[in-house]
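S.K.: Following this message is one structure expressed as structure tokens.
The values are calculated or read from the model by the stated rules, or taken from the named source; none is laboratory data. Just so it is clear, the structure is predicted and the values come from calculations on it, not from any experiment. Neighbour counts run over all protein chains shown; Cβ positions are idealised from the backbone, glycine included. Each accessible area value is taken on the protein alone, full model and side chains, heavy atoms only, with ligands, DNA and RNA left out. Shrake-Rupley method; radii C 1.70, N 1.55, O 1.52, S 1.80 Å.
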Amino acid sequence: MQGFDFSSSIFSPVITVPPSAKIIFVSDLFVEDYVGGAELTSEALIKTSPFEVFKLKSRDVTMDLLKTGADRFWVFGNFAELNPNLIPSIIGNLRYSVLEYDYKYCRARSPEKHLDVTGLPCDCAGQVSGKLISAFYYGSMGIWWMSEAQQQRYLTMFPFLADKTNVVLSSVFSRETLDRIDALRQ
């Protein structure tokens, strides 16, 4: 007899990736949830994709979704809510890229914020969490950076990431967002 799984809620929706989606874009939040710079950049990229994109919140990534989406291309934006235990499976089984908006090797997501909060220089790159993030990035097909300075900071700490495809993307905004900014400015 099959028992009831008490670890999941009967009220939680079952997430399925549409068969037509070729790209799975993972992020903590999307523009529908919060209108920030990272979310606007992600949305502009999603809207201009020539392929159908499925948005998946990082907290909703499961081993089952990784298995069913193994034949798709994945993009990981902000993923603070991703279960870190899934990272080895992602590295070993998926084709993916990382879109780096901040400094995820740091627990505070910023070495400067880390110093402000703890009073100590950031040492996260040498910690297990920092090493896991660097391995995650190394397992990717490529990394998109927001600035040359950000990319250089990572490459200084993790020189092996220079072996990957590294592209400085900067922030990207849709025509609608740029028009709205222009209208507000005037």
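S.K.: Give a quick list of GluC sites (Glu not before Pro) in region 12-111 that DSSP marks as loop, anything other than H, G, I, E or B, with at most 10 other Cβ atoms within 10 Å.
M.R.: 32
S.K.: Rounded to a whole number, what % of the accessible area of the chain do carbon and sulfur atoms account for, probe 1.4 Å?
M.R.: 57
S.K.: Based on Cα positions only, what radius of gyration and what Dmax would you give for the chain, in angstroms?
M.R.: Here Rg and the maximum Cα pair distance are 17.9, 68 Å.
S.K.: If you add up the charges near residue 119, with Lys and Arg at +1 and Asp and Glu at -1, over every other residue whose beta carbon is less than 15 angstrom from its beta carbon, what do you get?
M.R.: Neighbour charge sum, excluding residue 119 itself: -1.
S.K.: Give the total of Lys-Lys pairs in the chain with Cα-Cα distances below 13 Å; include a pair only if its members are 8 or more places apart or on different chains.
M.R.: 4
S.K.: Can I ask one more? Rounded to whole Hz and in sequence order, give me ³J(HN,Hα) for region 83-90 from the Karplus expression 6.51 cos²θ - 1.76 cosθ + 1.60, θ = phi - 60°, writing x for Gly and Pro.
M.R.: 5, x, 5, 7, 4, x, 5, 5
S.K.: Spin-label point model (7 Å from Cα, Cβ direction): what's the residue 168 to residue 117 distance in nm?
M.R.: Rounded to a tenth, the inter-label distance reads 2.8 nm.
S.K.: In debye, nearest 20, what is the charge dipole magnitude of the chain about its Cα centre with +1 on Lys and Arg Cβ and -1 on Asp and Glu Cβ, if you could check?
M.R.: Once rounded to the nearest 20, the dipole reads 300 debye.
S.K.: Another question about this same structure. Using 0.36 nm per residue of separation minus the Cα-Cα distance, give me the extension gain between residue 148 and residue 20 in nm, one decimal.
M.R.: Going from the current span to full extension adds 42.6 nm.
S.K.: So with the 1.4 Å probe, I'd like the accessible area per residue for the chain, rounded to whole Å².
M.R.: 58
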